[in-house]
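Heads up: the structure comes next, in structure tokens.
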Amino acid sequence: MRVGLLTSGGDCQALNATMRAIVQTLSYQTHEQTEFYGFLDGYHGLVCNQYKRLTKQDLLDGLIQGGTILGTSRMPFKQIDEPMEDGTRKVPAMIQTYQQHKLDCLFVLGGNGSTKTANRLREEGLNIIALPKTIDNDTWGTDLTFGFTSAIEIVTRYIDDIRTTATSHGRVFVIEAMGHKVGWIPLYAGIAGGADVILIPEIPYDMKRIVAAIEHDQTEGERASIVLVAEGALSKAEAKLTKKEYKALLAKREEPSVAYVIARELERLTDREVRVGLPGHSQRGGAPDAQDRLFATQCGIEAAEAALEGKYGILVAQKKGKMCRVPLDEVAGKLKYVNPKGEMVKEARYMGISFGDA
Ligand code: F6P
């Protein structure tokens with residue numbers, strides 16, 4: 001067999017672990033008769049035919065090595081039919097590279113945007129196997145994405161560290177978690193880290209409710225309050241705006257991000273000292289945690305198995321703890337949001353965690 005691999009979009013901790021599992025499984029199952037073409041910097045490498053041949057040796061440290069040995073980049077789907085600066089048409093160029101190397105299939109390790117491009121390549125006749133990468137856990141069709149549990153771990157530890165200094169000083173900390181338009185990371189890390197308030201895009205907030213939650217903490221004798229806010233969180237008023245109006249509002253905003261807006265308002269509405277904490281890109285950094293290594297390996301094995309069976313046009317997924325495959329055209333471009341009425345939110349509310357809405 002001859003197979004291609006690429007990693008696309010924002011990186012995460014378990015990309016190398018996933019590629020290791022693909023390469024190791026296919027090498028073992030085909031008695032070392034598979035050739036691996038690793039395209040560099042995401043779809044860019046496929047467009048420009050920039051690649052390196054991969055072997056098992058390249059991925060010996062894959063389980064513990066974060067980032068991606070292939071490099072990655074973002075190639076927005078919206079611009080997929082716009083030519084490159086030198087006039088190269090992206091889709092025809094990708095098809096040509098695929099055909100030139102006589103690939104049997106292409107493994108795409110990517111998030112939502114990358115999956116849309118993968119589906120486009122499927123429509124053009126390429127054999128695509130997509131794997132669900134992203135710390136955001138927002139890929140439709142799978143309960144889990146690789147990168148997610150490592151990010152939760154990092155944010156949870158970050159809250160732990162902030163809590164000691166917040167307690168010493170009796171401060172409120174507004175910590176901002178990544179997650180793009182969804183709230184999976186703050187929801188899970190907020191519960192694991194014992195946040196007092198969790199703000200996610202799926203549950204628009206009301207400043208008065210956040211203030212009430214913090215004041216309640218104080219009456220309970222808590223010296224510190226932790227507000228964990230998703231980077232995409234928005235207020236009830238903002239949630240009523242059209243997409244265009246909201247974009248215009250963001251463009252005018254003076255604060256660098258939502259955590260600063262909330263911190264500013266908390267300082268205005270309370271007599272507390274407020275600080276902002278940003279784990280930032282460390283959420284995507286470092287080695288994968290054990291659960292991510294396991295899930296990445298399961299994804300890689302499932303993807304390799306699909307390739308051996310000639311089952312293409314799929315996204316490898318996990319549903320209710322079981323590995324499975326879902327048709328790529330059913331998932332491409334769909335976001336998986338937190339259910340505001342789902343179990344996790346209900347449980348958190350039941351123990352008194354505020355979502356800033358009630
Ligand atoms: O999709 C992963 C992610 O980390 C999002 O959570 C975040 O919004 C975005 O990427 C940050 O992108 P960049 O690395 O381009 O700053």
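Being of a type in the set (Gly, Ala, Ser), within 15 Å of the ligand (Cβ to nearest atom) and surrounded by fewer than 24 Cβ atoms within 10 Å (Cβ to Cβ) is the filter here; which residues of segment 112-134 pass it?
Result: GLY113, single match.
Looking at segment 68-117, which of its residues are outside any helix (DSSP H, G or I), touching a strand residue (DSSP E or B) at 6+ places or on another chain (Cβ under 7 Å) and modelled with pLDDT under 95? If the condition is that a residue be outside any helix (DSSP H, G or I), touching a strand residue (DSSP E or B) at 6+ places or on another chain (Cβ under 7 Å) and modelled with pLDDT under 95, then no residue fits. Does GLY71 satisfy the criteria of being touching a residue at least 40 places away in the same chain (Cβ under 8 Å), on the phi < 0 side of the Ramachandran plot and within 14 Å of the ligand (Cβ to nearest atom)? The answer is no for GLY71.
Taking the options ASP161, ASP136, name whichever one is among the acidic types (Asp, Glu) and touching a residue at least 12 places away in the same chain (Cβ under 8 Å).
ASP136
Going through segment 68-78 one residue at a time, which ones are open to solvent by 40 Å² or more (accessible area, probe 1.4 Å) and touching a Lys or Arg at 6+ places or on another chain (Cβ under 8 Å)? Matches in segment 68-78: PHE77 only.
So, restricting to strands (runs of 3 or more DSSP E) that lie completely within segment 239-348, which ones have at least 2 residues that are more than 22 Å from SER8 (Cα to Cα) and of a type in the set (Val, Ile, Thr)?
Qualifying strands (runs of 3 or more DSSP E): 274-277.
Among the residues of segment 334-351, those identified as open to solvent by less than 100 Å² (accessible area, probe 1.4 Å) and farther than 15 Å from TRP184 by Cα are LYS334, ARG349.
Residue-wise test of (1) touching a residue at least 24 places away in the same chain (Cβ under 8 Å); (2) open to solvent by less than 40 Å² (accessible area, probe 1.4 Å); (3) closer than 18 Å to GLY193 by Cβ; (4) out of contact with any Cys (no Cβ under 9 Å at 6 or more places or on another chain).
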site: LYS252; (1), (2), (3), (4): no, no, no, yes
site: SER257; (1), (2), (3), (4): yes, yes, no, yes
site: LEU266; (1), (2), (3), (4): yes, yes, no, yes
site: ARG272; (1), (2), (3), (4): yes, yes, no, yes
site: ARG275; (1), (2), (3), (4): yes, no, yes, yes
site: LEU278; (1), (2), (3), (4): yes, no, yes, yes
site: LEU294; (1), (2), (3), (4): no, no, no, yes
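Please work out if ASN49 is out of contact with any Phe, Trp or Tyr (no Cβ under 6 Å at 6 or more places or on another chain), on the phi > 0 side of the Ramachandran plot and touching a residue at least 12 places away in the same chain (Cβ under 8 Å).
So ASN49 fits the description; yes.
Is one or more of the residues making up segment 161-183 under 19 Å from LYS341 (Cβ atoms), away from the ligand (no atom under 16 Å from the Cβ), part of a strand (DSSP E or B) and open to solvent by less than 40 Å² (accessible area, probe 1.4 Å)? Scanning segment 161-183, I find no residue that is under 19 Å from LYS341 (Cβ atoms), away from the ligand (no atom under 16 Å from the Cβ), part of a strand (DSSP E or B) and open to solvent by less than 40 Å² (accessible area, probe 1.4 Å), so the answer is no.
The values are calculated or read from the model by the stated rules, or taken from the named source; none is laboratory data. Since we're looking at a predicted model, the values are computed, not measured. Glycine also receives a Cβ, built like all others from the backbone with ideal geometry; neighbour counts cover every protein chain displayed. For the accessible areas, the whole protein counts, side chains as well, though only heavy atoms, and no ligand, DNA or RNA atoms are used. Shrake-Rupley method; radii C 1.70, N 1.55, O 1.52, S 1.80 Å.
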